Amino acid sequence: MENLSATSEQIEELRRLFFEKVAKDGHQIDGGFHPADIERIQNREKWLRLFIEYNDLDLKKALTQLWDTCEWRKNFGTNDLEASQLRQEYLHEGFMFPKNRDINGKRLLIFRSKLYVRGTKDMDDVKRLLVYWVERVMYREEDLDQISVFFDLKDSGLSNMDMEYTRYIINLFKYYYPNSLNYIIIFEMPWILNTTFKIIKTLLPAKAVVRMKFVNGKTLHEFVDESNMLDIWGGNDCYTYEFLEEETPTKSINNNVSTTGRKVHFAKLSPTESSMSDQHSPGFTMEKGTVGEEMLRVVQDTLVFNKVGTDYSGSVEIINIDLKPITYKVKTTAPDKFRVRPSSGVLAPGSTTTVNVVLVPGCQLTTLSREKFLVMCMALGADKQTNSQDIAELWKNTPSHSHLVEQHKLKCHLPGVSHVAEVSFRNGNAFSGSSGSDSDRQLSHLVREVHDLSESVERLDARLKRNQILFFLALLAIVSFCVATLYIVKESVDNQGYCAKRDL
């Protein structure tokens, strides 16, 4: 899939739209955006080009992503992130580092999964390490050039695969470093991780899926030549990881001054009305300082109403793709028109539910397409109760615009009114004709497969440990029996010898 090329006019238009939005909404950003990012937007066409081309020249989408990126970069502190701020043992372990280049001359960011064990590291520190390497390589060493992510899965197993961290990596490049990947190279993937990578492929954008390359020792040369291959991959580079400081260390920049030495004040920018909606894209509500990781997958974005008996009803399937339980709630613009069952609830990781919506008899069908539904969700901590009363209280005390709440919008559709050719029907549910919806529907099955596989491995591991304990107990019993037997035999021999001497 080839990217469309952005023109200078489109780049200038995106720049204009951004600063119009800054003039209108910049007061909502506490302290304003980081001046280094403002300077980059003012002077670096290359950075704006990444956002435009990633969104197929759609300037509205590019603007939304650029704004979200600047907000995330400020909250995360990407421009001021230095090696001294990282957890030093992680920095020097070598489970993640840049080294050499791919066949197209793009830097490789290498993940040695064998050296990473799920649950043994602080996730926030690992995320900071990842952002540090991406910022250092792409922004400071490679001048915004693409990189290739290299997953070295040789000798790895399920304990080395962390879906939370993998999802973070995917979302990082998907939302905040657009159009930045040349290849995603998967080296020597064990068969036991096949299902896991099926799920990963469903989380990737279509453009990233075509860049994913599965290779082994015999085919790696198609993407990395031998001079750039490490010896552990069968190449010529006998490299042992050692952290090296940057040649030009990162310097913190005053929040009111750009890198050009020019002060940037939002109030002085042109207060022209922005043509862009202030809403974030569905599914992209996030907590400050974290990547907007999607928790809930809604199979379709349109609620299709079919006639069942005398009623009109529709349904939508929702899937928890997070690693923690979540609570969901469904709202509508016309609560007096619809009966929603269930309107709220709790979903365990990997589980699905179907929300059924029935149109109240007597309501006008002609206005149905104007109505909207909002599916909201938020994560539940380990200390949160899951009974209906506590869930209701949680939603009552959490505003829908909170950064903790993820939102997905649904449109209403009545077959025969519009877009009939675009919708096919299967068991009363609507699916678009694209393969993307089919993969969405299959995601729940893939999640279950990984979950079942993980449970099977855990059961086998527990059984192996029990067998080991039983083996040692049996061995101890045998040794004890042997010792006791020898003792009895010795006592018997000693007694016989004593009796023989006595008889003499």
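Table for the structure above
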{"item": "Long-range neighbours under 6 Å by Cβ, at least six apart or interchain, first residue closer than 30 Å to residue 196 by Cβ within the range 306-324, second of a type in the set (D, E, K, R) and open to solvent by less than 40 Å² (accessible area, probe 1.4 Å)", "result": "319/297; 321/297"}
{"item": "Residue list for the range 453-488, filter: at pLDDT 80 or above and small (Gly, Ala, Ser)", "result": "474, 477, 480, 484"}
{"item": "Any hit, the range 49-63, residues being touching an Asp or Glu at 6+ places or on another chain (Cβ under 7 Å) and part of a helix (DSSP H, G or I)", "result": "yes"}
{"item": "The range 334-352 - residue that is exposed (fewer than 15 other Cβ atoms within 10 Å of the Cβ) and touching a strand residue (DSSP E or B) at 6+ places or on another chain (Cβ under 8 Å) and, of those, farthest from residue 317 (Cα to Cα)", "result": "339"}
{"item": "Some residue of the range 187-196 being out of contact with any Leu (no Cβ under 7 Å at 6 or more places or on another chain) and open to solvent by less than 30 Å² (accessible area, probe 1.4 Å)", "result": "yes"}
{"item": "Per-region count, the range 6-45, residues farther than 19 Å from residue 143 by Cα, in a loop (DSSP other than H, G, I, E, B) and not aromatic (Phe, Trp, Tyr)", "result": "5"}
{"item": "Strands (runs of 3 or more DSSP E) wholly inside the range 95-170 containing at least 3 residues that are surrounded by fewer than 19 Cβ atoms within 10 Å (Cβ to Cβ)", "result": "96-101"}
{"item": "Strands (runs of 3 or more DSSP E) within the range 370-439 that include 2 or more residues modelled with pLDDT of 80 or more and of a type in the set (D, E, K, R)", "result": "406-413"}
{"item": "Criterion: of a type in the set (A, V, I, L, M), within 28 Å of residue 297 (Cα to Cα) and touching a strand residue (DSSP E or B) at 6+ places or on another chain (Cβ under 7 Å) - qualifying residue of 108, 130", "result": "130"}
{"item": "Every residue from the range 201-221 that is farther than 16 Å from residue 152 by Cα and outside any loop (DSSP other than H, G, I, E, B)", "result": "201, 202, 203, 206, 207, 208, 209"}
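The values are calculated or read from the model by the stated rules, or taken from the named source; none is laboratory data. What you are looking at is a predicted structure, and each value in this text was computed from that prediction instead of being measured. Note that we place each Cβ from the backbone using ideal geometry, even for glycine, and neighbour counts take in every protein chain shown. Remember, those area values only see protein heavy atoms, side chains included, never the ligands or the DNA or RNA. Shrake-Rupley method; radii C 1.70, N 1.55, O 1.52, S 1.80 Å.
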